[in-house]
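Below: the structure, in structure tokens.
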Amino acid sequence: MSYKASLLKEKKKFGYVDDGSGKRYLLFSLYFVLNDLTEAKDYIQWYEKEFPDDTGEPIQKLCWALSLRRMGDQLEAKKMLAETMLSNLYIIPKLLGREIEEYDMWHSSSDQNIEYFGYLPKEVTDSITEADVQWLRQQYDSHELQHIRQRHIEIYHKLKSTKDIDERKRLISESNSLLNHVQSDMLTFE
């Protein structure tokens, strides 16, 4: 039985998907490794409808961003890459072969830690093409993503020592709004 069929069976049986094991995330990696853009597109549409408030996880978001890039949806790919970057500040620079040290900031979950890169499956890294790497580098080094990243780091550095609940809410709200205005630069790499 496929993972998606298992999720659909759960939905039919219980009226909702209770995916504590994270199968819904794994499918992004599988479709990416298979380079099955048709199935990836269908799955993305289903996932967005089924899990509209799901925060996701960094590997899922990386595969999602790269799949969107391969589909030619540059703006959505860039937005998802920005989400990937903020969900784990270490995964993209490590993919680009850059040395990076852990930031002095609050990491709200283990998905945000520097060690998380170790969970990236070899099959995923082996499926990342040179064109994907060029796009990752161009986007990651763009002024726009640098600005978003820097402000995110500043906010989470403050959150590390801020105890006042209202101030924490304000900072988290600002952080949540950082991705609201990601713009397309329309550069593509084939």
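The values are calculated or read from the model by the stated rules, or taken from the named source; none is laboratory data. Bear in mind that the values here come from a model prediction, so they are computed numbers and not experimental data. Note that we place each Cβ from the backbone using ideal geometry, even for glycine, and neighbour counts take in every protein chain shown. These area figures cover heavy atoms from the full protein model, side chains too; ligands, DNA and RNA do not enter into them. Shrake-Rupley method; radii C 1.70, N 1.55, O 1.52, S 1.80 Å.
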Provide the per-residue ³J(HN,Hα) series for the stretch 89-96, in order, calculated from phi with Karplus coefficients 6.51, -1.76, 1.60 and θ = phi - 60°, each as a whole number of Hz, with x at glycine and proline positions.
-> 6, 9, 5, 5, x, 5, 4, 7
What whole-number value in cubic angstrom gives the convex hull volume per residue for the C-alpha atoms of the stretch 116-188?
-> 114
So between S108 and E154, what do we pick up on full extension, going 0.36 nm a residue minus the alpha carbon distance?
-> 15.1 nm
At 1.4 Å probe size, with every protein chain present, just tell me what the per residue accessible area of the chain comes to in Å².
-> 56
Over the chain, what percent of the accessible surface lies on carbon and sulfur atoms, probe 1.4 Å?
-> 50
What are the radius of gyration and Dmax of the chain, computed over its Cα atoms and given in Å?
-> 17.1, 49
Taking the Cα centre of the stretch 109-185 as origin, work out the dipole magnitude from +1 charges on Lys and Arg Cβ and -1 charges on Asp and Glu Cβ, in debye rounded to 20.
-> 460
For an R0 of 35 angstrom, estimate the FRET efficiency from the Cβ-Cβ distance between D42 and L96 and round to the nearest 0.05.
-> 0.70
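Pairs to check: K23/K49; K41/K79; K41/K78; K9/K49. Give those whose C-alpha atoms are more than 18 Å from each other in this structure. Mind dumping the intermediate values first?
Values: K23/K49 16 Å; K41/K79 16 Å; K41/K78 16 Å; K9/K49 16 Å.
Cα-Cα > 18 Å for no pair; all within.
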Two-site FRET efficiency, S173 against E50, from Cβ-Cβ distance with R₀ of 25 Å, rounded to 0.05 = 0.40
